[in-house]
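What follows is a single structure, and I will ask about it in a moment.
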């Protein structure tokens with residue numbers, strides 16, 4: 001869905017030089033350096049899965065939430081494309097006021113006068129966002145996420161809304177978002193989708 005260059009200082013990410021448990025050899029850590037963090041999502045793995053970057057340039061799926069009946073009749077929709085066209089993105093910093101609107105909306109503390117205003121709509125719906133606190137389509141997504149390998153809290157990394165920049169969408173409907181959390185020590189990415 002998105003690839004982030006950790007060398008871009010605007011992202012506020014440190015270089016993903018990891019002490020990955022699976023890279024412990026001969027009594028020392030085999031540190032790996034990853035310059036890009038690919039944000040991947042697998043519709044057939046279930047609504048949630050985690051993966052780890054590996055030194056060969058691929059990913060290892062660590063865990064997933066597949067269950068009988070998933071993905072059901074709507075995920076992925078027919079005719080779902082093999083891939084979406086690659087598109088460059090531009091980072092635009094949101095203002096502290098905009099971040100405050102998102103946070104208040106998530107906490108159901110948005111003043112009544114702003115709940116239906118046209119100018120606040122972009123902050124009251126799923127959208128692409130890196131860092132900060134995104135709009136949460138489902139408030140249950142606000143709970144913490146822990147790393148599959150270390151069982152430590154994973155910070156929020158990015159939200160991808162159901163907008164591909166093309167005529168087809170990720171879900172064939174509105175209000176879907178995929179949330180990503182990232183453990184820089186392990187190169188583990190947690191991905192799960194929410195919809196309303």
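The values are calculated or read from the model by the stated rules, or taken from the named source; none is laboratory data. Since the structure is predicted, the reported quantities are computational estimates derived from the model, not experimental observations. Neighbour counts run over all protein chains shown; Cβ positions are idealised from the backbone, glycine included.
For every residue, the table says whether it meets (1) surrounded by 12 or more Cβ atoms within 10 Å (Cβ to Cβ); (2) touching a helix residue (DSSP H, G or I) at 6+ places or on another chain (Cβ under 7 Å).
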| site | (1), (2) |
| --- | --- |
| 110 | yes, yes |
| 113 | no, no |
| 117 | yes, no |
| 137 | yes, no |
| 144 | no, no |
| 147 | yes, no |
| 155 | yes, no |
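Of all residues in region 158-187, which are closer than 20 Å to residue 43 by Cβ and either part of a strand (DSSP E or B) or modelled with pLDDT of 85 or more (or both)?
158, 159, 160, 161, 176, 177, 178, 179, 180, 181
Residues being surrounded by 14 or more Cβ atoms within 10 Å (Cβ to Cβ) and modelled with pLDDT of 80 or more: count how many of those fall in region 65-99.
Of the residues in region 65-99, 3 are surrounded by 14 or more Cβ atoms within 10 Å (Cβ to Cβ) and modelled with pLDDT of 80 or more.
Something else now. Could you tell me whether residue 33 is at pLDDT below 85, farther than 16 Å from residue 188 by Cα, surrounded by 11 or more Cβ atoms within 10 Å (Cβ to Cβ) and touching a strand residue (DSSP E or B) at 6+ places or on another chain (Cβ under 8 Å)?
no
Can you tell me which residues in region 105-121 are within 17 Å of residue 136 (Cα to Cα) and in a helix (DSSP H, G or I)?
105, 106, 120, 121
Within region 134-152, track down each residue that is in contact with a strand residue (DSSP E or B) (Cβ under 7 Å, 6 or more places away or on another chain), in a loop (DSSP other than H, G, I, E, B) and free of Cβ contacts under 8 Å to residues at least 40 places away in the same chain.
The answer is 144, 152.
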